[in-house]
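A short worksheet on the structure shown next.
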Amino acid sequence: MTVLDQTKTLAESALQMLYAAKEGGGNPKAQHTHDAITEAAQLMKEAVDDIMVTLNEAASEVGLVGGMVDAIAEAMSKLDEGTPPEPKGTFVDYQTTVVKYSKAIAVTAQEMMTKSVTNPEELGGLASQMTSDYGHLALQGQMAAATAEPEEIGFQIRTRVQDLGHGCIFLVQKAGALQVCPTDSYTKRELIECARAVTEKVSLVLSALQAGNKGTQACITAATAVSGIIADLDTTIMFATAGTLNAENSETFADHRENILKTAKALVEDTKLLVSGAASTPDKLAQAAQSSAATITQLAEVVKLGAASLGSDDPETQVVLINAIKDVAKALSDLIGATKGAASKPADDPSMYQLKGAAKVMVTNVTSLLKTVKAVEDEATRGTRALEATIEYIKQELTVFQSKEVPEKTSSPEESIRMTKGITMATAKAVAAGNSCRQEDVIATANLSRKAVADMLTACKQASFHSDVSEEVRTRALRYGTECTLGYLDLLEHVLVILQKPTPELKHQLAAFSKRVAGAVTELIQAAEAMKGTEWVDPEDPTVIAETELLGAAASIEAAAKKLEQLKPRAKPKQADETLDFEEQILEAAKSIAAATSALVKSASAAQRELVAQGKVGSIPANAADDGQWSQGLISAARMVAAATSSLCEAANASVQGHASEEKLISSAKQVAASTAQLLVACKVKADQDSEAMRRLQVMVTDAGGKILLLERAAGNAVKRASDNLVRAAQKAAFGKADDDDVVVKTKFVGGIAQIIAAQEEMLKKERELEEARKKLAQIRQQQYKFLPTELREDEG
């Protein structure tokens, strides 16, 4: 977003706040008015922050970092202020946020070390990011220091956050200096030293937070470790899907089964200690968190070894096993977060109920892992087990989707629509598996269903919480996201019933279940379309491409017309007055052609928009191939009109300056008329002949033989008339010039014979050149005909 866009957003926020104050009738105590003003003020603050970030990035690109240094210094000074605002959360809440921003600063410092050597020009953006992160860190650090107990811990947190600010200032200054002189090796070394100092000070901030609450800090560290394990398991799934997950030796799965079961049971014991640690001392909570993180790490490793021992010949079963341990890791991550939130809280606190729910999910997923491990070598039941695990996984994902928690980031409506394709594919796969009842098909369906549903739910929720989406559209999208998931769950459960009792009647019901899913997907797509509004378009939509090309062609023609307006007939001696009249006619005719073709292309764009509005060419056409072919014909014709008009302008310019022949001008004018006719054909391919737009674009004319032909629209006729005028003017000039060329005949006999021979030679040469030119023109037209869409070939034929 540019500074101009951000300034516009700021102005809109200010207007919104003024309107809210006005609606309050001068009573600022009215609750709804107060809420509206507060919301508008928050929008204004965010808009100002966006503008500052953009300006800082722009300044940093040229080495100006004074604004960022001042911003960091101002954030540091707020830490020394007296009583902070009334805290809205506990120390644990602020501790979590401070850890997040501290680690973000450490990551940015590491990137700045790398970019100082490889791409110094990117240091400005990183310095701006560090400035923004420290501003958030200072604010949250002030609140963490205010809520920490005892006060000595709060003082230590405040002091170390300030020290980190000094380090950030030095690093930002070195980044600016290196921007000015990217090859200065001494400045590079200083920047690297400053980055290392920032990393060290981040670790000091984290240690101060840990002293504030050792147990919750251990939970944060354990959650980070578990997140790394989940990412590693995702990578392992990719290798397994690609068929490259192999054992390093000749071990079998039986060699790992007992180790997996034993480690899983140990994790269950750690989970019990973790839940009870929420109500115990920080030391016991820290010990339980550290133990559970170590156990899940060990369990993930032994499960990966077991999956590799199955061999790459059965990748689907490998993925089933790794998905089972991934579910356990995700459940443990949620449990650690719930334990951290419930630490030191009373038994009737809502966070305690959340902790119990997370513990229940953890037990369910560990039990599912144990069942999967026992069934993985049983070819008769492993498909059924995989499907059961997938159903449970989708239910858990649906619970997260239905929660009131706002996603951390948003996505576009196009992403939500794209994810529905996975649901369609998975539905077809599930129906096929239900009909075949083959365990291999069921396993493949289970693995595909996991990813398809999870991706769809994530994209749907992220898109629905986009800032431009209204509350009504958001509710609609979330409702149909839920409907789609529930319908798909019913389909999978019906497949599970068929596996246990395969009958023709049950298989026949699969169509009804799949139809329900398809209906929900359609509604979800329509909800996503509603999110887009009128300003969003699909850049790959053929009609959008055609309209863009039409508008581009119109712009090119207008530019050519403006160029013609600046042309004047060249000055000539007095005896050439008659020729001067012809040149003026040439310029006027060329200008009228440029204006007429500009109107023609704009009218074609308007006609195309009418077709889209009528549904004959949709934004997502039912017959995409046909509409794409029509759009390509329209694009080609528009480009030809623009190119022909440009050539005409160049020929007119050269002609009036005496640098080109009248024949070239005549040829250019005829090409404009021909390309105009082709554009008209392209527009008429799918047009409604009785529509208002086409009535404006078409006129009826009668030819010499009395046949009625449907010719050009009003703008098209203007082009034809202007082209004819230009051809006549140029031909008149050419013929006049030919009449003025007097031939001097030699009177001597020998000289006369030589003159005749030379004239005949020139005539034969011109005839041969004319014949070659005709052949070349025929070849060009034949080659162009091959690339025309089928519909245009038929109309031209």
query: What do you reckon, is T372 open to solvent by less than 50 Å² (accessible area, probe 1.4 Å), more than 20 Å from L524 (Cα to Cα) and assigned to a helix (DSSP H, G or I)?
result: yes
statement: Note on G124: of the conditions (1) in contact with an Asp or Glu (Cβ under 6 Å, 6 or more places away or on another chain); (2) closer than 17 Å to S203 by Cα, unmet is (2)
- prompt: Any idea which of (1) more than 23 Å from E392 (Cβ to Cβ); (2) open to solvent by less than 60 Å² (accessible area, probe 1.4 Å) is the one K515 doesn't satisfy?
  reply: (2)
query: Among the residues of segment 272-330, which ones are closer than 17 Å to I237 by Cα, free of Cβ contacts under 8 Å to residues at least 40 places away in the same chain and in contact with a Ser or Thr (Cβ under 8 Å, 6 or more places away or on another chain)?
result: L299
- request: Only one of these is more than 13 Å from I417 (Cα to Cα), in a helix (DSSP H, G or I), hydroxyl-bearing (S, T, Y) and open to solvent by 30 Å² or more (accessible area, probe 1.4 Å): T485, T475, T445. Name it.
  value: T475
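Let's see how each residue does on (1) open to solvent by less than 80 Å² (accessible area, probe 1.4 Å); (2) modelled with pLDDT of 65 or more; (3) more than 60 Å from the chain's Cα centre (by Cα); (4) more than 30 Å from R639 (Cβ to Cβ):
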site: I753; (1), (2), (3), (4): yes, no, yes, yes
site: A759; (1), (2), (3), (4): yes, yes, yes, yes
site: K765; (1), (2), (3), (4): no, yes, yes, yes
site: K776; (1), (2), (3), (4): no, yes, no, no
site: Q782; (1), (2), (3), (4): no, yes, no, no
site: T790; (1), (2), (3), (4): yes, no, no, no
site: R793; (1), (2), (3), (4): yes, no, no, no
- prompt: Only one of S411, S416 is assigned to a loop (DSSP other than H, G, I, E, B), open to solvent by less than 30 Å² (accessible area, probe 1.4 Å), among the polar types (S, T, N, Q) and farther than 23 Å from A511 by Cα; which?
  reply: S411
field: Condition met for A386 (open to solvent by less than 20 Å² (accessible area, probe 1.4 Å), touching an Asp or Glu at 6+ places or on another chain (Cβ under 6 Å), more than 16 Å from C460 (Cα to Cα) and not acidic (D, E))
entry: no
message: Between T263, T224, T236, T295, which is part of a helix (DSSP H, G or I) and closer than 30 Å to I72 by Cβ?
response: T224
- line: Here the residues within segment 298-334 that are of a type in the set (G, A, S) and not in a helix (DSSP H, G or I) are G311, S312
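Table: residues versus (1) β-branched (V, I, T); (2) open to solvent by 20 Å² or more (accessible area, probe 1.4 Å); (3) closer than 17 Å to S276 by Cβ.
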{"residue": "A300", "(1), (2), (3)": "no, no, no"}
{"residue": "G306", "(1), (2), (3)": "no, no, no"}
{"residue": "V328", "(1), (2), (3)": "yes, no, no"}
{"residue": "L335", "(1), (2), (3)": "no, no, yes"}
{"residue": "K340", "(1), (2), (3)": "no, yes, yes"}
- request: Could you grab me the full set of residues in segment 69-122 that are in a helix (DSSP H, G or I), hydroxyl-bearing (S, T, Y) and out of contact with any Phe, Trp or Tyr (no Cβ under 8 Å at 6 or more places or on another chain)?
  value: S77, Y94, T96, T97, S102, T108, T114, S116, T118
message: Condition first: within 13 Å of P282 (Cβ to Cβ), part of a helix (DSSP H, G or I) and open to solvent by less than 50 Å² (accessible area, probe 1.4 Å). Now tell me which residues in segment 208-221 satisfy that.
response: L209, G212, G215, T216, Q217, A218, C219, I220
task: Restricting attention to segment 348-373, report how many residues are under 23 Å from C437 (Cα atoms) and either in contact (Cβ under 8 Å) with a residue 40 or more places away in the chain or within 37 Å of the chain's Cα centre (by Cα) (or both).
output: 3
message: Taking the condition of being under 12 Å from V92 (Cβ atoms), assigned to a helix (DSSP H, G or I) and open to solvent by 10 Å² or more (accessible area, probe 1.4 Å), how many residues in segment 342-351 meet it?
response: 1
message: Yes or no: segment 236-255 includes at least one residue that is closer than 30 Å to D93 by Cβ and charged (D, E, K, R).
response: no
message: Could you check segment 367-412 and list, in sequence order, the residues that are under 18 Å from D314 (Cα atoms) and in contact with a Phe, Trp or Tyr (Cβ under 7 Å, 6 or more places away or on another chain)?
response: V376, E377
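The values are calculated or read from the model by the stated rules, or taken from the named source; none is laboratory data. Fair warning: this is a prediction, and the values are worked out from it, not measured in the lab. In this analysis, Cβ positions are derived from the backbone assuming ideal geometry, glycine residues included, and neighbour counts consider all displayed protein chains. These area figures cover heavy atoms from the full protein model, side chains too; ligands, DNA and RNA do not enter into them. Shrake-Rupley method; radii C 1.70, N 1.55, O 1.52, S 1.80 Å.
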